[in-house]
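The values are calculated or read from the model by the stated rules, or taken from the named source; none is laboratory data. This one's a predicted model, so the numbers in the text were calculated from it and none came from an experiment. We place every Cβ from the backbone using ideal geometry, glycine too, and count neighbours over all the protein chains shown. SASA here: full protein model, heavy atoms, side chains in, ligands and nucleic acids out. Shrake-Rupley method; radii C 1.70, N 1.55, O 1.52, S 1.80 Å.
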Amino acid sequence: MNWEQNLGDGWKFQNALRFSKNNILYNTPSTITTISATDYVSYYLLTGLEGLGVGNYSYKNVNTGEEVMNVSSAIGSNGLPVYTVNNNNLPGQDLLENGLFAIIFGSYQNKVNEIVDQFTLQKTTDNMTYTIGGYYGYSDVDRYSGIDGIALGTIQNRPEQLSLTFTGATLGGTAGEHMVTNADGIGQANGDNGTSLNFKATQKQMVLFFGHTWNIDDEFTFDWGFRYENVGVSEQNERAYMKTGVQGGVDGNPNTFYDYNTVDRITSVSFDRRLHSFSFSGALNYMFNENWALYGRYSQGQKAPDLDVYFAANREETIGLLNPQKRTTRQVEMGLKARSGKINLFVTPFYSILSGVPNSQFLSSEDGGFYTPEMLYGKYRTVGVELEMEYSLNSQLSIRGIATFQRSKIVTLESWAGNNPGPDDDTKISFSGNETDNTPRAIINISPTYSLNKWFTSATWSYLGQRQTNVGNVFVLPGFSQFNLSAGYGFNEKINLSLNVNNIFNNYGVMSWVRPGGILEVIEGNNSFTSEQYEQAVSNSTPFSTISIQPRAIYLTTTIKF
């Protein structure tokens, strides 16, 4: 609901009130990574399953029933099983020896009820404008997150799903044929650790802001403002610990591993945290004439961390490590606006410092699960320039280009090295001085547009420069280009036809990546991937997963106005 009231004598009041209720629910394969068949079997041991031992494992295509891989196990000198591959007819083995796709199924439900109200009171005089306002936000959040299953697939285009059975004697004392997955190829994904999480959070946000614009004369303008924010979070996080073993799970049958999980216990942690922040910005603008203008601005912005920082505090033994910090951005920028004939040009060099950036991690615990160590925070420095140009060749043809060139460095950042499972021997590694990860050195967009009578067409060339893969600067993701095309014809004021072709040349541009390794290494994150591991992966031609831009897509749209 929005309303506005003119109070007279240059005063105006505005208010916006919003109620919202959102419910996001999905069950989807959340992670797809490569894993060796023996690593998959070992994963059960690491997560607390007592059911594996000496015998034979058979991987079969769920659609045809054909056995595509056979592995036998025996007890090694360390008392744990060792594995021998007897037969392997799997595709994609040139990418990963004895390799499979591991598809982890995640369940996620997010319910949010919100009340938001913002008001502003504005006063205007001959050469000044004053704005004062407030904001109140109340959010009630209920989130469930869990890993509910895992499936195996072949490494190929359109992977085929596999089932797994084990025949032999288990460490838990059972014998005979055991179904590690069900007939559809779905197995359990977690053992004696807490991967079923429920978060109940209440966030209250109160803001007061003020803005002032002063037209000193025809050439000079000064504007400034501040924002004070108070954010409080009250939360109760629950973790369900699963029990696995020879009790047989849901169906009571110890020979069906795929339903071994039952709830063992649920722990709960509660806490309240409050943060105060202050943001400020001021700018001085000077217009030399209609074709030249210059401005300078200094800004300091602060914001409370996202709720994910609070959701990470979900263990009784680590709740004392919760220390949320404000994220602060300080930036100085200068701007030059120039116009000459058919060209408009904007040049904006900038220098910014970003601090209080959380670096969250998951490390392996002694019981085979994971724990969240104390949150560490980083500080980054970026120097760059933004360029924007518009060039009109004539009334039909124009070109618009936007480019950002920047270099960003890590001023201070530490990360935890887990070493052995458990927090007792955790140490810190410093990445200070490295280039900031996931920050491209160049971002460019150039779009020529042509229109004639009822026709129009435009093309866009986009370029995203190379980026460091992680804070260790292990390697770089390559830069890439993308070309899009759009065209249209307006029959009249009511009917329009348009054609859009995205990624015309079907380029494979890498947006992000997932480090190589087994499931446990992948969960620890990309920043845990070291230069030594990279060199070893290169020498072994070890594959890893990437997330690309969308492939070529063509859209034909007709718009009719009634």
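When segment 332-349 is filtered for residues that are touching a residue at least 12 places away in the same chain (Cβ under 8 Å) and part of a loop (DSSP other than H, G, I, E, B), only K342 remains.
Residues satisfying the criterion are present in segment 385-394 (criterion: under 30 Å from N473 (Cα atoms), open to solvent by 70 Å² or more (accessible area, probe 1.4 Å) and either without any contact (Cβ under 8 Å) to a residue 60 or more places away in the chain or not in a strand (DSSP E or B) (or both)). The set of residues from segment 485-509 being within 25 Å of the chain's Cα centre (by Cα), open to solvent by 30 Å² or more (accessible area, probe 1.4 Å) and of a type in the set (S, T, N, Q) comprises N502, N506, N507. Over 30 Å from the mean Cα position of the chain (by Cα) and either modelled with pLDDT under 85 or basic (K, R) (or both): does that describe T131? So T131 fails the test.
The condition of being open to solvent by 70 Å² or more (accessible area, probe 1.4 Å) and either basic (K, R) or more than 29 Å from Y108 (Cα to Cα) (or both) holds for only one of N285, N289, N230, that being N289.
For segment 300-356, residues that are surrounded by fewer than 17 Cβ atoms within 10 Å (Cβ to Cβ) and among the aromatic types (F, W, Y) total 2. On inspection, S432 qualifies as of a type in the set (S, T, Y), assigned to a loop (DSSP other than H, G, I, E, B) and either touching a strand residue (DSSP E or B) at 6+ places or on another chain (Cβ under 8 Å) or open to solvent by 60 Å² or more (accessible area, probe 1.4 Å) (or both). I410: β-branched (V, I, T) and open to solvent by less than 30 Å² (accessible area, probe 1.4 Å), yes or no? Taking the combined requirement at face value, the residue satisfies it.
Within segment 73-86, can you find the residues that are modelled with pLDDT under 90, within 21 Å of H178 (Cβ to Cβ) and out of contact with any helix residue (DSSP H, G or I) (no Cβ under 6 Å at 6 or more places or on another chain)? Before you say what the answer is, go through the steps one by one.
Initially, segment 73-86 is screened for residues modelled with pLDDT under 90, giving 73-85.
Next, only the ones that are within 21 Å of H178 (Cβ to Cβ) stay: 73-76, 79-85.
Once the filter is applied, which keeps residues that are modelled with pLDDT under 90, within 21 Å of H178 (Cβ to Cβ) and out of contact with any helix residue (DSSP H, G or I) (no Cβ under 6 Å at 6 or more places or on another chain), segment 73-86 yields S73, A74, I75, G76, G79, L80, P81, V82, T84, V85.
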